[in-house]
Amino acid sequence: MKDALAALAAGLDDGADLLAQLEGPFARCVRQHPRRGQLSGWGSLTPLPWHAAGFSHGVEIDPGTRLDYHTGVAYPQDGASQIPVLALSPQPGEVVVDACAAPGSKSTQIGLALGDTGLLLCLDLSPQRRRVLVENLARQGVCCGVVCPVPIGRLAGMHPGCADAVLVDAPCSGHQSRSPKQTAREGRRQLRLLGDAAGLVRAGGRMVYSTCAPYREENEDVISAFLAAHPGWQLEPVQLPGTDVDLDGLGALRMWPQRQGTEPFFACRLRAPGDAPRASLAGDMPAAELDARIPEALHCWRRGTVRLLASPAVASCAIPSEARGIIFDRGEGGGNSELEPWAAQALIERGADAHTVSHAEACALWAGDDLQSPGPARGLVRTEHGAPLGQLEASGTRLRLPSRMRRSALV
Ligand SMILES: C[S@@+](CC[C@H](N)C(=O)[O-])C[C@H]1O[C@@H](n2cnc3c(N)ncnc32)[C@H](O)[C@@H]1O
């Protein structure tokens, strides 16, 4: 049986280079949080031509050893994987569905673009991967996110036209060698997902389709079949500096290991026919709990022993959810409950008073060391680079981070 990769390479001028570089290594890239200060400790950073917040860095780094990763300042993400959300262009106040969201590289990127006024619905088939997604949303301080365990088609049946924009970052063959039969089967699955997701898009809304597979059967062919089956939908060309065009001149984007140095990628933006406002997802707003530290744009309310921090749109959203916003505290100790680390970071990021420690002191605190009191006996703390660290606990004249925040081997 002929290999689908060989067929693809035969149609490219630089097909031999594609075959040689398809397994990587790809350029190591990181995305910088827009409101959490400067990246630090990633070696020399080169901006990506297509994304102002994206950088490649030359050194092998385990993100788990970086304070920037734990404080959400940095999100390690392939350069090509940052493209779909740029094509989607989420705007503050919009409702966006990420239909295949886990582990959350693009959900976090969307959530940060929406800010505290939008609503981000994250769907994914895999419960295990949804748990990682919840953590990533919290680590990045995304308060406008709801993680929903409902299948795409069912949600579209319950709430047709509820979204201004939908991202379908589809399951795909990745960089695996595949037979034409396998890529055709994958393409049919992707087409079904895209069709289900289209039901969520309001009239005049947009949908981005993307994969990290190089195969035409999972990319150009899926889009052509979708357009043939959905009259009125149109492909809206997207141009981003430094990217390639698709194989059929449809107006989609392509990224290649042998050209951009990234993993292979395809992304395109589709526009739904007509023009109508989105269907409302609002339910009953839970009563807000007042707390001097919580910015007006956010909402805090109790569910059992857990308090949650979220945007008002998330708090009132009527769809079923496993997680929404960020856990503020657990209240297990009665009145004197401890602020959850990621909630503390979200508050610092949004302007809560915090005192500053040096990067070295921050790393020491994170590793579990005590610190001689640098200022107020207890409170929120950030690093000199602007990274929100968390809430300190006092013990005599020494300060430490709550045990949940301790990590070792930071550099
Ligand atoms: C390419 S990954 C998504 C990566 C993610 N967008 C990110 O940037 O971190 C594809 C995801 O689709 C999910 N998936 C597979 N079939 C699905 C379906 N029918 N509905 C929703 N999600 C599905 C998988 O569990 C997987 O997490």
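Readers should treat all values here as calculations from the given coordinates under stated rules, not as data from a laboratory. What you are looking at is a predicted structure, and each value in this text was computed from that prediction instead of being measured. Don't worry about glycine lacking a Cβ; one is built from the backbone with ideal geometry, like all the others, and counts go over all protein chains shown.
Worth pointing out:
- J(HN,Hα) series, segment 91-103, from Karplus relation 6.51 cos²θ - 1.76 cosθ + 1.60, nearest Hz, glycine and proline x: 10, x, x, 7, 9, 10, 10, 9, 7, 10, 8, 6, x
- Dipole check for segment 190-275: with +1 at the C-beta of Lys and Arg, -1 at the C-beta of Asp and Glu, and the Cα centre as origin, the magnitude is about 240 Debye.
- Cβ charges +1 (Lys, Arg) and -1 (Asp, Glu), total dipole of segment 246-291, debye: 400
- Of the two radii for segment 164-219, the radius of gyration is 1.04 times the Kirkwood radius, both from the alpha carbons; that is the Rg over Rh value.
- Near Val314, once Lys and Arg are set to +1 and Asp and Glu to -1 for all other residues with Cβ below 12 Å from its Cβ, the sum equals 0.
- Of Leu194, Leu114, Leu339, the one that fluctuates the most in a GNM where the chain has Cα springs shorter than 10 Å: Leu339
- Nonlocal amide H pairs with Phe328, under 5 Å, H built at 1.01 Å: Arg307, Leu308, Leu309
- Residue order, fewest to most surrounding Cβ atoms within 10 angstrom, among Arg271, Arg350: Arg271, Arg350
- Near Asp244, the amide H atoms lying under 5 Å from its own belong to Arg254; only residues 5 or more places off or on other chains count, and H is placed 1.01 Å from N.
- Amide H contacts of Val208 (H built 1.01 Å from N, under 5 Å, at least 5 apart or other chain): Val166, Leu167, Val168, Leu270
- Dipole moment magnitude, nearest 20 debye, segment 132-266 about Cα centre, only Lys, Arg, Asp, Glu C-beta charged: 320
- 3J(HN,Hα) along segment 128-136, derived from phi through the Karplus expression 6.51 cos²θ - 1.76 cosθ + 1.60 where θ = phi - 60°, amounts to 4, 5, 5, 5, 5, 4, 4, 4, 5 Hz, with x in place of Gly and Pro.
- Here the chain carries DSSP beta bridges of which approximately 70% are antiparallel, counting only pairs with both residues inside.
- Gyration tensor verdict on the chain (Cα atoms; rounded if a/c is under 1.5, prolate if a/b is larger than b/c, oblate otherwise): oblate
- Estimated vicinal HN-Hα couplings, Hz - segment 153-170 in sequence order (Karplus 6.51, -1.76, 1.60; Gly, Pro = x): x, 5, 4, 5, x, 6, 9, x, x, 7, 10, 6, 8, 10, 10, 10, 8, 6
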